[in-house]
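Before any comments, here is the structure.
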Amino acid sequence: MIIESPELKLDVVLKGKFFIIPLGRDKYQVGATYKQDVNVAGEDLGRKKMKEALDELLTVPYKPLSYWTGTRPVTKDRKPILGLMSNEASLYTINGLNSRGLLMAPLLSDWLVAFMIDGKALPAEVSINRFTVSSVDHI
């Protein structure tokens, strides 16, 4: 959800039950729930939960500007995926961050840039190569 709050004056990311990210110009991104529920009346229960948490947390007024829902990209082993998507093209990926994207993206980006520019090997536990047929024990 995007909110506007001229009185909040936050210039750092807050992370707890939810996160609040300053976007500038008194706007903030707030998220996120694990709810994938919409009740029979069409009400997004995750939206309701975030609003209740904000009402408890904030002591200044705020105005919701927009809402959206999405999916969290996860892998079976809950580890992110980094690397070259194809040997034929310059298509790279950082994916599968699950709920840790906010915290992990800076480090993963550094690793991917070092891989792309300097040819430095990616850690095996996050390399896309762990999904190649030769690296799979059984299919």
### Message
Exactly one of these conditions fails for L122: (1) more than 28 Å from Q29 (Cβ to Cβ); (2) at pLDDT below 85; (3) assigned to a loop (DSSP other than H, G, I, E, B). Give me its number.
### Response
(2)
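Residues checked against (1) modelled with pLDDT of 90 or more; (2) loosely packed, with under 10 Cβ neighbours inside 10 Å; (3) among the small types (G, A, S); (4) closer than 30 Å to F115 by Cα:
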site: K9; (1), (2), (3), (4): yes, yes, no, no
site: G46; (1), (2), (3), (4): no, no, yes, no
site: M50; (1), (2), (3), (4): no, no, no, no
site: P61; (1), (2), (3), (4): yes, no, no, no
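The values are calculated or read from the model by the stated rules, or taken from the named source; none is laboratory data. Remember, it's a predicted structure, so these values are computed and weren't measured experimentally. All Cβ positions, even for glycine, are placed from backbone atoms using ideal geometry, and neighbour counts span all protein chains on display.
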